[in-house]
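We did not get these values from a lab; they are worked out from the coordinates using the rules stated. Just so we're clear, the structure is a prediction, and the values are computed from it rather than from any experiment. Note: ideal-geometry Cβ built from the backbone for every residue, glycine included; neighbour counts use all protein chains shown.
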């Protein structure tokens, strides 16, 4: 083979290039906003309805709003990764009140509840057959994840009621930013999922529904 042919052969061979070193990109810093929820600026309500399929419920059953007072809550809202959100709320059973001012009207419930009836209802749900306040003084919720950083958000977490913990998911509308936080929406549970039965009277002829509806309308301000 001549020199010319040899030059042509070697010229057509690909020359391996040295790999170009890449500089790893640092992960983006997480943006987390903290908020303290203000019980005086929002509402935590539980809707309790009479079971009108029972004999006495059709005529004598009453629906009620149980409102929370004296509760506390904190939010760690992870804007970068919403799945890492943290929400902790503690509600003292002793702070639950029957039909707070204006609540019945908001829910479209007719009539008013006498002070005597409010005391009886309070004694019933604080008692051993219901929330067992003497043994379990608080209701608590701790979020495990959130589906988005704002707007329509599903917040999934653990609800502890009467010493029993169950997973729940709340559908909320969240507005967050500018030092302010708000969340409205709710979720439902069953008495039976937490180990007790709805209140009943007259040998079961008058009883409440198994379903309990939780409604949230909470506000918070940024923590330092």
Open item on the list: For the structure I just gave you, tell me whether residue 63 is touching a residue at least 12 places away in the same chain (Cβ under 8 Å), closer than 21 Å to residue 191 by Cα, in contact with a helix residue (DSSP H, G or I) (Cβ under 7 Å, 6 or more places away or on another chain) and crowded, with 16+ Cβ neighbours inside 10 Å.
Closed with: no
Open item on the list: Name the residue that is nearest to the chain's Cα centre (by Cα), counting only residues in the range 66-112 that are in a loop (DSSP other than H, G, I, E, B) and crowded, with 18+ Cβ neighbours inside 10 Å.
Closed with: 85
Task: Given (1) outside any strand (DSSP E or B); (2) farther than 27 Å from residue 80 by Cβ; (3) within 20 Å of the chain's Cα centre (by Cα), number of the condition residue 128 does not satisfy - done: (3)
TODO: Go through 196, 181 for me and flag whichever is more than 25 Å from residue 38 (Cβ to Cβ) and more than 12 Å from the chain's Cα centre (by Cα).
DONE: 196
TODO: Name the single residue, out of those in the range 147-162 being under 18 Å from residue 46 (Cα atoms) and more than 12 Å from the chain's Cα centre (by Cα), that is surrounded by the fewest Cβ atoms within 10 Å (Cβ to Cβ).
DONE: 162
